[in-house]
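Below is one structure, written out as structure tokens; the observations come after it.
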Amino acid sequence: MNTSSLDLEARAHSEHAQELRLWLRLLTCSQLIEKRVRVCLREQFDTTLPRFDLMAQLERHPEGLKMKELSHRLMVTGGNVTGITDQLVTEGLVERMGVDGDRRAFRVRLTDRGRASFVEMAQQHEQWIVEAFDGLSARDLDSLHKLLGKVKQHQTQLNRIDE
């Protein structure tokens, strides 16, 4: 996939609402950053963003998560979570544990090796994100953060109305 295919902003024209042009710019920036993160994860750690995301969820919950919880948090199907989990179990990065009182359910948690691996990836991931915003001053970053916070708050309110 080349960069031009990611540039959704190119679809907008001056006659489109400024809000639409802004949305497409945000989406394009997000996709460009995500593309770089995916490439870097593959090149430096021989892993994928979905695997990283699953491990990130488990890192936040040392006691582990049920598969259904993982699926919900990652917003993917149970089948996707099962496939990734199977790979990570095989590699010794996560382990499955039974759930008391439910013979059919189990929890998944990071192994010590998985935690160490994730910490290394997470440190590098943070650096890639910092680099993505290198072109902005501290003041720019603060302004952008505050403005996007306003958008988030407004959208959260709209979503509550729609529920």
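The values are calculated or read from the model by the stated rules, or taken from the named source; none is laboratory data. Every value quoted in this text rests on a predicted model; they were computed, and no experiment measured them. With ideal geometry, Cβ positions are generated from the backbone for all residues, glycine too; neighbour counts draw on all protein chains shown. The protein model used for the area step is the full one, side chains on, heavy atoms only, and it has no ligands, DNA or RNA in it. Shrake-Rupley method; radii C 1.70, N 1.55, O 1.52, S 1.80 Å.
Observations on the model:
- Test result for residue 104, touching a helix residue (DSSP H, G or I) at 6+ places or on another chain (Cβ under 6 Å) and among the basic types (Lys, Arg): no
- Flag if residue 143 is hydroxyl-bearing (Ser, Thr, Tyr), over 23 Å from residue 35 (Cα atoms), surrounded by 10 or more Cβ atoms within 10 Å (Cβ to Cβ) and at pLDDT 95 or above: yes
- Hits in the range 123-147 (condition: hydrophobic (A, V, I, L, M, F, W, C) and in contact (Cβ under 8 Å) with a residue 60 or more places away in the chain): 128, 129, 132
- Taken together, the residues in the range 27-47 that are free of Cβ contacts under 8 Å to residues at least 24 places away in the same chain and either in a helix (DSSP H, G or I) or surrounded by 14 or more Cβ atoms within 10 Å (Cβ to Cβ) (or both) amount to 9.
- Any pair with Cβ under 6 angstrom, 6 or more apart, that starts in the range 97-119 at a residue that is within 27 Å of residue 47 (Cα to Cα) and ends at one that is open to solvent by less than 70 Å² (accessible area, probe 1.4 Å) and among the hydroxyl-bearing types (Ser, Thr, Tyr): 108/85
- Among the residues listed as 59, 95, 9, 15, the single one being modelled with pLDDT under 90, open to solvent by 40 Å² or more (accessible area, probe 1.4 Å) and in contact with a Lys or Arg (Cβ under 8 Å, 6 or more places away or on another chain): 9
- Where residue 51 falls short, out of the listed (1) of a type in the set (Lys, Arg); (2) over 28 Å from residue 151 (Cβ atoms); (3) surrounded by 13 or more Cβ atoms within 10 Å (Cβ to Cβ); (4) at pLDDT below 95: (4)
- Residue within the range 58-73 that is among the aliphatic types (A, V, I, L, M), under 14 Å from the mean Cα position of the chain (by Cα) and closer than 24 Å to residue 148 by Cα present: no
- As a summary of the residue check, residue 163 satisfies the conditions (1) acidic (Asp, Glu); (2) closer than 30 Å to residue 25 by Cα; (3) at pLDDT 95 or above except for the one numbered (3).
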